[in-house]
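Everything below concerns the one structure shown next.
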Amino acid sequence: MYPLLKQAKDANMHINKNYMIGLLALFSLGILYYGFLFLKGHNVFSQYNHYKVAYPVNKNLHVSAPVKLKGHVVGMVTKVEIKPKQNYSTLVTIEVDKQFPLTYASKVMLNNAGMMEGNALEIELHEGNPIRNGATIIGQLHPNFNEIDLNAMTAQVATVTQNLIKTTEGVNAILANLERTSFTLSTAIHGLEDNINTIAKNIIAISGPLANSKRGIPAMLPAIHSLLLEVKSIPFKDISFRVTNVLKDVERLIQHTASDGGSFGRFMHDATLYHNLNHSVENLNALLFDMKKRPFRYLNFSLLGCLKSNHQKQLAHR
């Protein structure tokens, strides 16, 4: 009985060794396979699915261009190649995050990513049968895709450059004017500083004597105080009352003179007296003029009269 048990135990050990050898061989083959793929450049533990997209021509699409889903980068272009046997079409290899598997209803569209970045791929996910990893799909153009015209862009850049040069020249002119203005302003400020210094010196020269306790304002304060006391003692109210009465008397005199009731008023308002007086003055002027012109007329009469009277007095004495 013991020999039979020993044979069965040996047989089981032999079978277990065969299983272990087989598993070890499979594990070695797996490592060899994945190692070979790794040496060929394939990432065995990659989190991306790889697809190939065909386009008629390459429209500024380069390796490392982003693959976007609603504005988010979910992959990139890993390879761009030309296919001579397929009418020189462009075959683009992309890798997309495994979280976003493509289906045959999905779209891979070429779109603008900016002047500096070139173009990018935009994907739209739709439900359907999933595309196997490494399969080729036909690419499309995005409705908003605009092919960049390098010639037009160059012309626009040249125009912008010319405008920039003109703007720079204008800015240089403005800076030159600003520099001249700054120099003029600096000169004016220096002159103003000199004037302010002179004025300050003059003020100090004036304020010094005025602040002198013997000859300045402090010495004048007692006299000014005395003068103010004297002015305060003047009876301005009585003077004002007297001046008011004098003005009233003058007003009454003027009113009395303006009326024709008094003598002076009659003299001023009587036209006949005015004409007689004017006539007398004219006669007096004529008499004086005649005396000045022919004085001998009046002197002769005076001398003859004097001689005649003297002769009569002499005869009477005899």
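The values are calculated or read from the model by the stated rules, or taken from the named source; none is laboratory data. This structure is a prediction, so every number in the text was calculated from the model and none was measured. As a convention, Cβ positions derive from the backbone with ideal geometry for all residues, glycine included, and neighbour counts pool all protein chains shown.
Things to note:
- Residues that are modelled with pLDDT under 80 and either β-branched (Val, Ile, Thr) or over 14 Å from Tyr51 (Cβ atoms) (or both) within region 107-141 comprise Asn112, Ala113, Gly114, Met115, Met116, Glu117, Gly118, listed in sequence order.
- Reported count of residues in region 77-95, each being over 15 Å from Gly139 (Cα atoms) and surrounded by 15 or more Cβ atoms within 10 Å (Cβ to Cβ), is 1.
- Candidate set: region 216-242, residues that are in a loop (DSSP other than H, G, I, E, B) and more than 60 Å from the chain's Cα centre (by Cα); chosen: the one farthest from Ile204 (Cα to Cα): Pro235
- Matching residues in region 86-106 - criterion: being within 16 Å of Asn49 (Cβ to Cβ) and part of a strand (DSSP E or B): Val92, Thr93, Ile94, Glu95, Val96, Asp97, Thr103
- Pairs, first touching a residue at least 12 places away in the same chain (Cβ under 8 Å) and part of a strand (DSSP E or B) in region 126-137, second surrounded by 13 or more Cβ atoms within 10 Å (Cβ to Cβ) and of a type outside the set (Val, Ile, Thr), C-beta under 7 Å, six or more apart: Pro130/Pro101; Thr136/Lys52; Thr136/Ala54; Ile137/Tyr51
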